[in-house]
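One structure, as structure tokens, below. Some questions next.
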Amino acid sequence: MKHPRTIPFERRTMLATTIKLSCLAALAACSLGSAAQSASPAARELAPTGTLRAAINFGNPILAVRNAADGTPQGVSVDLARELARRLEVPLELVTYNAAGKVVEGLRNKEWDVAFVAIDPARAVDMSFTAAYVVIEGAYLVKQDSPIRSNAEVDRPGVRVVVGKGSAYDLYLARELKNAELVRAPTSPAVSDMMVAQGLEVAAGVKQQLEADAKRILGLRLLDGRFMVINQAMATPIGRPVGSRYLGEFVEELKASGFVAQALARHGIAGASIAPPK
């Protein structure tokens, strides 16, 4: 073996560089391994890619809307997603949708890790729910001159009810209505315009959204009361027991601490109430 001093300078430099790069690569691998090991079991289940992907539904204005200035997502669900990512110590990616039905499709395509959706047995096949954190009301909207005066009069032959496709209202009314016909709009915010444009009898959806539509479109009125209560919860894909348990505890803590109530107030949401403790 040659003495090191006999090795040409260029070769010695190349060998030193190779050794240095190998050491750096080993250190990086150790660092990544340590980071993966230091992640909590809940973080590994709720953010398996290393980033928490939260589904944000713009179809429900109680939960999320686009900022009027720059279009960025804002709302109660966005605040909850950010707080969850902070506690898990992982980056956050907001995956946005314009309808609840699209959120469900996103689950089938493995696009998100947590979502903010209404509890419904049809959805429980694919996702695990927390207890509700917010309770909102479903209401009916009709034309001013409609003969329909109460919620009980909606379920009659010849009455067509517009709902957002795949929404909680769609799932609920598909089970409950026996005589009226359901007509599905692409999204929940589109139901009132579709009712007017197509001469349909009733629009169903979030009470606050329909109240705003009644102010925006002349000749409409909201029926008194509610036809359903929507329990809005967080969800994660089934098969993540540790993450699901952590998510349930997270929601209960944020209800009890006043975080959810403060978020509703901060975003000017009226008419929604904090769900009772589990």
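Coordinate-derived values only; no laboratory data. All figures in this text were calculated on a predicted structure; none of them were measured in a lab. No Cβ is skipped: glycine too gets one built from the backbone with ideal geometry, and neighbour counts run over all protein chains shown.
Out of region 74-123, which GluC sites (Glu not before Pro) are coil in DSSP terms and have no more than 14 other C-beta atoms within 10 Å?
Glu89
Using unit Cβ charges (K, R positive; D, E negative) and no other charged atoms, how large, in debye to the nearest 20, is the dipole of the chain about its Cα centre?
It comes to approximately 1080 debye.
While we're looking at this one, here's another question. Are there trypsin sites (Lys or Arg not before Pro) in region 153-232 that DSSP marks as loop and that have at most 14 other Cβ atoms within 10 Å, and which are they?
Lys178, Arg226
Relative to the longest principal axis of the C-alpha atoms of the chain, give the angle of the C-alpha long axis of helix 76-88, reported between 0 and 90° and rounded to the nearest 10°.
That helix lies at roughly 30 degrees to the long axis.
If you rank Ile119, Ile238 by fewest surrounding Cβ atoms within 10 Å, what's the result?
Ascending number of Cβ neighbours within 10 Å: Ile238, Ile119.
Moving on. I'd like the FRET efficiency for Ile217 and Val242, computed as 1/(1 + (r/R0)^6) with the beta carbon distance as r and R0 of 45 Å, rounded to 0.05.
After rounding, the FRET efficiency stands at 0.40.
Each label point is 7 Å from the Cα along the Cα-to-Cβ direction; what then is the distance between the points at Asn179 and Arg86, in nm?
Simple spin-label model gives 5.3 nm for this pair.
Excluding residues fewer than 8 places away in the same chain, name every one of the aspartates and glutamates whose C-alpha is closer than 16 Å to that of Lys207.
Within reach: Glu137, Asp170, Asp193, Asp224.
Here's another thing I want to ask about it. Roughly how big is region 165-278's charge dipole about its Cα centre, with Cβ charges of +1 (Lys, Arg) and -1 (Asp, Glu), in debye to the nearest 20?
Computed about the Cα centre, the dipole is about 160 debye.
What is the local net charge at Ala168, summed over the other residues whose Cβ is closer than 14 Å to its Cβ (Lys, Arg +1; Asp, Glu -1)?
Value of the local net charge: +3.
Just the number, please: percent antiparallel of the DSSP beta bridges in region 136-228, rounded to the nearest 5.
55
Specify, per residue and in Å³, the volume enclosed by the convex hull of the alpha carbon atoms belonging to the chain.
So the per-residue Cα hull volume is 183 Å³.
Separate question: Kindly provide the helix-only [θ] at 222 nm of the chain, computed as the sum of -39,500 (n - 2.57) over DSSP H runs of four or more divided by all residues, to the nearest 500 deg cm²/dmol?
The helix-only estimate for the chain comes to -12500 deg cm²/dmol at 222 nm.
Here's something else I'd like to know. Roughly what would the spin-label model give for Arg266 and Arg66, points 7 Å off Cα along C-beta, in nm?
For the pair Arg266/Arg66, the computed spacing is 2.3 nm.
Please grab the % of Cα pairs in region 136-228 that end up more than 21 Å from each other.
Percent of Cα pairs beyond 21 Å in region 136-228: 16.
I've got another one for you. Arrange Ile136, Ile148 by Cβ neighbour counts within 10 Å, fewest through most, would you?
Ile148, Ile136
Could you work out how far the C-alpha centroid of region 161-187 sits from that of region 85-112, in angstrom?
Between the Cα centre of region 161-187 and that of region 85-112, the gap is 24 Å.
Taking 7 Å along the Cα-to-C-beta vector as the label spot, tell me the Val229-Asp126 distance in nanometres, rounded to one decimal.
2.8
Could you pull out the trypsin sites (Lys or Arg not before Pro) across region 34-98 that fall in loop regions by DSSP (anything but H, G, I, E, B) with no more than 14 other Cβ atoms inside 10 Å?
Those that pass, being in a loop and sparsely packed, number zero.
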